[in-house]
Structure formats: C-alpha cells, structure tokens
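Q: Dropping the structure in here first, questions after.
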Amino acid sequence: MKTKIKELRKKNKVSQDELALAVGVTRQTIISLEKEKYVASLVLAYKIARYFDLSIEEVFDFTEVEEEYNGRI
C-alpha cells in the first residue's frame, strides 16, 4: 500500500526513529511502511495519521483496495 509517510516526515523534519518512538513501533517498521513492504494495522495507521494531524486517508492510499473491492461487486 502506498503511503505519504516519508514525504510527511521530510516535510515535518521528523526522523524515522522519532516517528517510530512516537507511535510505538521500531524504526524497521517505519522503513518497511515507507518501502511498501508492510501494511500498517488499523491502529498503527491511526496513530501515524494522528501524529501528523491528518486523516488515515490523507496518509495512506487506498486506491488499490478500492479497485479490488469494486471489482467484486
């Protein structure tokens, strides 16, 4: 799943370590999210979005999920 985490971190001058500490995960988790190798749980997505004072949809791109869901209807 595509995210704007890296872009938001850079814009806000936040390191991977700082974000990881703030949301209760490891730096490796943040790296995996940024490289799209890991999909955040709903709770983690919420924490990250709240950290940047945004909605989950503003941080995470659900286009692929929506396309898959719409294809089943």
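Q: Among the numbered criteria (1) at pLDDT 95 or above; (2) under 12 Å from the mean Cα position of the chain (by Cα); (3) in a loop (DSSP other than H, G, I, E, B), which one does K13 miss?
A: So K13 meets the others, but not (2).
Q: Just to be sure I understand, how many residues within the stretch 49-66 are in contact (Cβ under 8 Å) with a residue 60 or more places away in the chain and in a helix (DSSP H, G or I)?
A: If we filter the stretch 49-66 for residues that are in contact (Cβ under 8 Å) with a residue 60 or more places away in the chain, which is where we start, we get 61-65.
Narrowing further to those that are in a helix (DSSP H, G or I): 63-65.
Residues flagged as in contact (Cβ under 8 Å) with a residue 60 or more places away in the chain and in a helix (DSSP H, G or I) within the stretch 49-66 amount to 3.
Q: Within the bounds of the stretch 8-26, is there any residue that is without any contact (Cβ under 8 Å) to a residue 24 or more places away in the chain, polar (S, T, N, Q), touching a helix residue (DSSP H, G or I) at 6+ places or on another chain (Cβ under 7 Å) and surrounded by 15 or more Cβ atoms within 10 Å (Cβ to Cβ)?
A: yes
Q: Which of the residues spanning the stretch 40-71 are of a type in the set (V, I, T) and either surrounded by 14 or more Cβ atoms within 10 Å (Cβ to Cβ) or at pLDDT 95 or above (or both)? Even if it seems obvious, please write down each step before you answer.
A: Filtering the stretch 40-71 for residues of a type in the set (V, I, T) gives 43, 48, 56, 59, 63, 65.
If the condition is that a residue be of a type in the set (V, I, T) and either surrounded by 14 or more Cβ atoms within 10 Å (Cβ to Cβ) or at pLDDT 95 or above (or both), then V43, I48, I56, V59 are the ones that fit.
Q: So which of Y69, Y46, Y38 is among the aromatic types (F, W, Y) and in a loop (DSSP other than H, G, I, E, B)? First the steps, then the outcome.
A: Values: Y69 fails: in a loop (DSSP other than H, G, I, E, B); Y46 fails: in a loop (DSSP other than H, G, I, E, B).
Answer to the selection: Y38.
The values are calculated or read from the model by the stated rules, or taken from the named source; none is laboratory data. Not measured: the values here are computed from a predicted model. Reconstructed Cβ throughout: ideal geometry from the backbone, glycine too, with neighbour counts over all protein chains shown.
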